[in-house]
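Input: a single structure, listed below in structure tokens.
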Amino acid sequence: MSWTVAEHDFDKSKVTTNGNKYMTGNGYMGYRGTLEEFTKEQLTAVTLAGLYDKSGEQWREPVNAPNGLFAKLSCNGQPLGVLDADPLSHCQELEFRNAVHRRETEYGIRGGKLTFTAERFVSMDQLHLLAGRLILHSTADCRLEIETGIDGEVWDINGPHLTERKEQCKAGTALSTAITGELKLPVAVAERADFTFDVQETAGEGAMRVISFDAKAGETYEWFKYVAVYTGLDNAGDPAATAEQEVLTAEKAGYEELLKAHCAVWEERWSRCDCRIEGDEAAQFALRYSIYQLLIIAPTESEKVSIPARGLSGQVYKGAVFWDTEMFMLPFFLHSDPRIARNLMMYRIHTLDGARRKAAEYGFLGAFYAWESQDSGDDACTLFNVNDVFTGRSMRTYFRDKQVHISADVVHGIWQYVTFTGDDSLLVDGGAEVIWECARFFYSYAYYNPVKKRYEILDVTGPDEYHERVNNNAFTNALVKETLEIALRVVQLLQDKYRGHYPGLAALFADGPFVAEFNEMLEHFYVPQPDPENLVIEQFDRYFKLEEVTLSELKSRVINKNEYWGGGSGLATTTTILKQADVVLMLNLFKATFSKEVKQANWEFYEPRTEHGSSLSPCIYALVAADIGSPDWGYPYFMRTATVDLTGESKQYVGDLYIGGTHPAANGGAWMAAVLGFAGVQFDGEVLRLNPALPGPWQSVELPVILRGGLFILRISRNEVAVTAAADNREPLAISAFGGGDMSCLPGAKLRLLNSAAASEQERNGQGKFIREERKQMLEHMKGAIFDLDGVIVDTAKYHFLAWRSLAEELGFVFTEEHNERLKGVSRTRSLDILLEIGGMEFSEAEKLAMADKKNRLYVEYISGLNESALLPGVKEYLNSLRARDVAIALGSASKNAAFILDKLNIAGLFDAVVDGNKVTLAKPDPEVFQTACKELGLQPGECVVFEDAEAGVAAGKAAGMLVVGIGKPEVLKEADLVVTGLHEL
Ligand code: IFM
């Protein structure tokens with residue numbers, strides 16, 4: 001399976017889109033997929049994450065650093081470059097397994113041909129470093145000239161941003177330094193070129209050197225470039241000195257070493273997230289490529305930056321962070337690299353003050369997050385964000401003022417992070433404040449409708465940006481409701497778990513609105529619901545009254561291909577045509593609360609009305625299609641999403657605004673559609689649910705996921721899922737597949753589960769033990785085994801029965817074996833109550849005490865004759881095998897005679913702890929007996945396995961958080977993780 005995207009000729013018209021397609025990066029910087037000789041005219045850019053600048057009155061945008069990988073050739077006095085000379089052949093490729101970019105270009109020269117090969121990477125190991133290997137080979141003698149160094153003429157959309165530029169080349173190191181215009185932050189780029197052949201430096205200006213030499217036919221000339229980029233944001237001393245030092249060190253280490261380290265990090269990154277699709281190469285390729293795009297822009301080190309809507313592919317959309325991150329990219333990072341997910345959420349915490357300023361600016365309370373967020377959290381979105389292609393005038397748009405859902409999206413993201421990872425420390429690190437401030441914002445934004453007696457959210461723009469300033473957008477209202485719910489849950493959580501922190505945090509909100517107001521608003525809050533007739537949810541008030549046109553009809557009304565369909569007089573605003581998934585997105589976010597019928601009705605209603613004018617849209621239709629069991633409807637949307645940066649087929653202009661670049665939200669959307677949609681992976685922080693709906697050609701999907709710090713490999717096919725837990729996981733994981741009940745997967749274990757059709761097929765084929773055999777593997781990793789006594793180790797049940805029967809006889813009624821079933825796993829006192837209930841008799845407490853004693857005496861008489869031969873089959877062997885594996889052994893029984901019996905059976909010495917009815921007070925299903933045993937063994941519940949024959953005992957084991965092996969019948973011991981007929985089976 002290929003990991004390489006390649007171009008086999010040079011097409012000038014693709015220079016811009018290839019700049020996106022062949023991007024490399026490491027989260028600190030992005031390097032566009034341009035060629036070595038390209039300059040700012042071809043949109044070469046080294047875009048720095050989190051460093052912004054405003055030049056004059058133009059839009060604030062990220063800073064591009066000077067290009068230290070620049071290299072231009074001439075041969076025999078003729079400039080050589082794909083734009084200057086018509087190459088004989090040209091190939092550009094990106095190996096996305098390790099983010100290495102290559103080009104090979106052959107030029108015709110006098111008497112032969114010259115091949116120029118260049119390879120480069122943006123180090124994933126050292127985030128400030130770029131390195132390149134360049135090779136020349138000529139078939140004829142020639143004079144070659146190489147111009148190389150740092151190109152300080154950077155591409156800017158709204159620049160220039162670098163002032164006080166200084167460039168020099170001293171002692172082999174080229175250096176370019178500058179200061180940003182607005183924040184006066186230094187930016188430094190250092191470069192060293194290491195020629196492995198004799199060169200003559202002939203000229204060069206600033207940070208550029210020109211070298212020349214006589215090349216011999218058939219010889220190969222190789223050189224390396226090492227580039228370091230530092231800015232005033234890096235806390236790394238003087239950026240120039242640090243960059244200079246870094247390139248010297250890099251040169252010493254050498255290209256191969258640096259490449260090796262870079263590739264090792266990439267290998268590790270892929271090991272956390274590679275998704276393998278069996279049966280569909282095109283989908284496999286596009287999905288991997290989408291994941292690649294996410295990996296090159298993810299902030300691995302900094303919690304002060306998030307991912308801009310166009311990644312690090314340039315300055316489009318002002319390099320700003322939108323809701324795209326929380327709603328479309330976060331899930332990928334949650335499942336594959338929670339550290340990065342945390343950084344993304346911390347960014348919102350660091351920018352809370354900006355959100356507070358925005359809320360105050362509009363006269364609201366709390367936090368109104370920026371629609372286009374940069375370093376400070378202030379909104380970079382302007383009031384006039386689009387130009388009218390007809391008048392050339394800027395249009396008033398309401399992205400900034402009215403997409404209030406952004407604050408709810410941020411809350412959704414933070415809560416997702418907390419529930420998914422279990423890392424609620426984020427809440428005390430600022431997350432709670434963000435959540436409460438956003439809830440306060442909505443409280444102040446909401447309108448209480450006194451006639452309808454409900455809170456409404458008026459005058460907003462939902463995800464569908466073509467309909468601005470609408471009332472009660474279903475998506476927005478649903479998310480506001482969720483914000484209030486989360487705000488209240490966080491109060492509860494902090495009160496329970498962070499008692500020390502809560503009072504201080506809550507004090508900040510003492511003047512309200514806070515808990516009382518949130519509760520009140522929630523109680524009377526309005527969220528549009530499905531129409532009882534056709535189940536469709538109206539996107540916003542009066543949406544159904546808009547003009548009904550087909551998408552093709554609307555397209556036929558277009559006058560200028562770049563005209564904006566939204567805004568005051570946009571073509572779509574008066575019609576039901578929407579820009580992007582809106583109601584359907586809401587159905588996806590709250591999938592558990594809507595029926596399949598509602599989802600399907602809305603999918604079918606909105607799909608023909610959706611333009612998919614945003615790259616955020618198609619993946620949502622793929623997700624919901626999978627959810628309703630129609631993956632083949634979703635497949636084209638998945639492919640469209642996953643190939644957006646491969647084909648370059650996306651909107652390039654809105655009005656006269658260039659919006660090209662990479663599409664991280666679509667990249668994240670492709671992953672969501674494949675994994676959360678088709679593979680049906682869903683983790684709520686407790687249970688991993690797997691309900692696949694694979695599209696036609698897909699046979700299986702295999703991927704790693706990190707859940708609550710543990711690594712699991714999932715292999716999901718139509719009829720069977722397999723979950724393999726890493727041996728060093730700390731806890732078992734509850735798994736449910738194909739809508740079945742929960743099962744536990746212990747560390748190191750592999751669990752295979754079949755859907756019911758496949759399971760009965762296997763039964764018919766005589767392979768009924770298939771699943772059980774797999775599940776036995778779970779036992780191999782336990783550290784402690786806790787055994788019930790009766791029915792597991794020895795069958796004293798019959799002696800109990802005999803004793804109870806004698807007592808009943810004495811009392812004058814018949815006690816049968818059937819009656820006896822009710823006594824299994826139940827304490828002596830409770831058993832007596834049941835017995836008396838059966839006999840329809842009542843006695844005083846003192847009389848009952850005497851009867852219980854009597855029964856015990858009878859029982860002890862019966863069991864005094866016990867010996868080793870009474871052990872149930874396989875018990876001694878199994879206990880010995882556990883001892884040999886250093887598994888600690890305990891008894892966990894309600895019996896008060898347990899020690900006596902173990903002694904009689906001659907196995908007392910095999911037990912490390914005996915917890916019996918004398919040590920605990922609460923009867924099973926209370927977990928006390930197993931919890932005590934686990935403590936006595938010095939282990940954690942997740943490390944212990946309980947062996948039980950009674951339903952109450954199985955329930956007790958589960959309540960203690962342990963894996964339970966049931967001894968008996970699966971149809972009775974339904975809650976057990978594995979059921980066997982006896983220990984001999986193990
Ligand atoms: O956030 C999106 C928005 O939903 C549609 N327009 C583009 C933005 C950035 O991707």
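So how many residues does the range 425-435 have that are free of Cβ contacts under 8 Å to residues at least 40 places away in the same chain and either buried (at least 24 other Cβ atoms within 10 Å of the Cβ) or of a type outside the set (Ser, Thr, Tyr) (or both)?
0
Every condition in (1) of a type in the set (S, T, N, Q); (2) within 30 Å of LYS54 (Cβ to Cβ); (3) open to solvent by 20 Å² or more (accessible area, probe 1.4 Å); (4) at pLDDT 95 or above holds for GLN416 except the one numbered (2). Tallying residues that are under 11 Å from PRO925 (Cβ atoms) and surrounded by 24 or more Cβ atoms within 10 Å (Cβ to Cβ) within the range 942-959 yields 6.
The lone criterion from (1) touching a residue at least 40 places away in the same chain (Cβ under 8 Å); (2) out of contact with any Asp or Glu (no Cβ under 7 Å at 6 or more places or on another chain); (3) assigned to a loop (DSSP other than H, G, I, E, B) left unmet by LYS896 is number (2). Hey, can you tell me all the residues within the range 255-275 that are surrounded by fewer than 14 Cβ atoms within 10 Å (Cβ to Cβ), within 30 Å of ALA642 (Cβ to Cβ) and among the charged types (D, E, K, R)? The answer is GLU267, GLU268. Considered as a group, the residues in the range 379-396 that are under 28 Å from LEU48 (Cβ atoms) and in a loop (DSSP other than H, G, I, E, B) include one that is modelled with the lowest pLDDT, and that residue is ASN385. Annotation for the range 272-293: at least one member residue is within 16 Å of the ligand (Cβ to nearest atom) and within 24 Å of the chain's Cα centre (by Cα).
When restricted to residues that are open to solvent by 50 Å² or more (accessible area, probe 1.4 Å) and closer than 21 Å to SER827 by Cβ, the range 866-914 contains 3. Being surrounded by fewer than 21 Cβ atoms within 10 Å (Cβ to Cβ), under 21 Å from TYR255 (Cβ atoms) and in contact (Cβ under 8 Å) with a residue 40 or more places away in the chain holds for only one residue in ASP194, ASP198, and it is ASP194.
Here's the yes/no breakdown for (1) over 10 Å from the mean Cα position of the chain (by Cα); (2) within 14 Å of the ligand (Cβ to nearest atom):
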{"position": "ALA320", "(1), (2)": "yes, yes"}
{"position": "TRP323", "(1), (2)": "yes, yes"}
{"position": "PHE332", "(1), (2)": "no, no"}
{"position": "HIS335", "(1), (2)": "no, no"}
{"position": "ASN343", "(1), (2)": "yes, no"}
{"position": "GLY354", "(1), (2)": "yes, no"}
{"position": "ARG357", "(1), (2)": "yes, no"}
{"position": "GLY366", "(1), (2)": "yes, no"}
{"position": "TYR369", "(1), (2)": "yes, yes"}
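Please go through the range 915-941 and give me each residue that is part of a loop (DSSP other than H, G, I, E, B) and either in contact with a Pro (Cβ under 9 Å, 6 or more places away or on another chain) or crowded, with 16+ Cβ neighbours inside 10 Å (or both), ordered by number.
Listed by number, the residues that qualify are ASP916, GLY917, LYS919, VAL920, ALA923, LYS924, PRO925, ASP926, PRO927, LEU939.
Every test in (1) over 19 Å from ILE863 (Cα atoms); (2) touching a residue at least 24 places away in the same chain (Cβ under 8 Å); (3) not hydroxyl-bearing (Ser, Thr, Tyr) is passed by LEU807 save one, and that test is (1). Scanning for something farther than 30 Å from GLN940 by Cβ, open to solvent by 20 Å² or more (accessible area, probe 1.4 Å) and within 18 Å of the chain's Cα centre (by Cα), does the range 682-689 turn up at least one residue? Looking for residues that are farther than 30 Å from GLN940 by Cβ, open to solvent by 20 Å² or more (accessible area, probe 1.4 Å) and within 18 Å of the chain's Cα centre (by Cα), one finds none in the range 682-689, hence no. Scanning the range 1-40 for residues that are without any contact (Cβ under 8 Å) to a residue 24 or more places away in the chain and either touching a strand residue (DSSP E or B) at 6+ places or on another chain (Cβ under 7 Å) or outside any loop (DSSP other than H, G, I, E, B) (or both) returns a single hit, SER13. Picking from residues in the range 939-955 that are free of Cβ contacts under 8 Å to residues at least 60 places away in the same chain and among the aliphatic types (A, V, I, L, M), the one that is nearest to LEU872 (Cα to Cα) is VAL954.
Would you mind stating whether THR593 is farther than 19 Å from THR397 by Cβ and touching a Lys or Arg at 6+ places or on another chain (Cβ under 6 Å)? The answer is no for THR593. In summary, helices (runs of 4 or more DSSP H) completely within the range 430-546 and bearing 1 or more residues that are over 31 Å from the mean Cα position of the chain (by Cα) and modelled with pLDDT of 95 or more occur at 432-445, 502-507, 515-523.
Residues that are open to solvent by less than 60 Å² (accessible area, probe 1.4 Å) number at least 2 in the following strands (runs of 3 or more DSSP E) confined to the range 47-166: 61-65, 67-75, 89-95, 100-109, 112-122, 129-138, 142-151. Taken over the range 389-407, the criterion of being within 14 Å of the ligand (Cβ to nearest atom), open to solvent by less than 40 Å² (accessible area, probe 1.4 Å) and either without any contact (Cβ under 8 Å) to a residue 12 or more places away in the chain or of a type outside the set (Lys, Arg) (or both) is satisfied by THR397, PHE399, GLN403, VAL404, HIS405, ILE406. Return yes when GLY422 is touching a residue at least 12 places away in the same chain (Cβ under 8 Å), touching a Gly at 6+ places or on another chain (Cβ under 8 Å) and among the small types (Gly, Ala, Ser) and no when it is not. In short, yes.
Condition check for ILE349 on (1) within 25 Å of SER123 (Cα to Cα); (2) in contact with a Gly (Cβ under 8 Å, 6 or more places away or on another chain); (3) more than 16 Å from the ligand (Cβ to nearest atom): one failure, at (1).
LEU746 meets each of the listed conditions (1) of a type in the set (A, V, I, L, M, F, W, C); (2) open to solvent by less than 10 Å² (accessible area, probe 1.4 Å); (3) modelled with pLDDT of 90 or more apart from (3).
Taking the conditions (1) among the hydroxyl-bearing types (Ser, Thr, Tyr); (2) closer than 27 Å to GLY874 by Cα; (3) surrounded by fewer than 20 Cβ atoms within 10 Å (Cβ to Cβ) in turn, THR816 satisfies each one other than (2). Per the listing ASN906, ASN918, the residue uniquely over 43 Å from the mean Cα position of the chain (by Cα), among the polar types (S, T, N, Q) and on the phi > 0 side of the Ramachandran plot is ASN906. Flag: ALA674 matches the condition of being open to solvent by less than 10 Å² (accessible area, probe 1.4 Å), aliphatic (A, V, I, L, M) and in contact with a Leu (Cβ under 9 Å, 6 or more places away or on another chain).
Take ARG209 and decide whether it is among the basic types (Lys, Arg) and within 30 Å of PHE678 (Cβ to Cβ). In short, no.
Which of the following residues is open to solvent by 20 Å² or more (accessible area, probe 1.4 Å), more than 28 Å from THR16 (Cβ to Cβ) and in contact (Cβ under 8 Å) with a residue 12 or more places away in the chain: LYS216, LYS252?
After applying the criteria, what remains is LYS216.
The values are calculated or read from the model by the stated rules, or taken from the named source; none is laboratory data. None of these values were measured; they are calculated from a predicted model. In this analysis, Cβ positions are derived from the backbone assuming ideal geometry, glycine residues included, and neighbour counts consider all displayed protein chains. Keep in mind that these areas ignore ligands, DNA and RNA; they rest on the heavy atoms of the full protein, side chains included. Shrake-Rupley method; radii C 1.70, N 1.55, O 1.52, S 1.80 Å.
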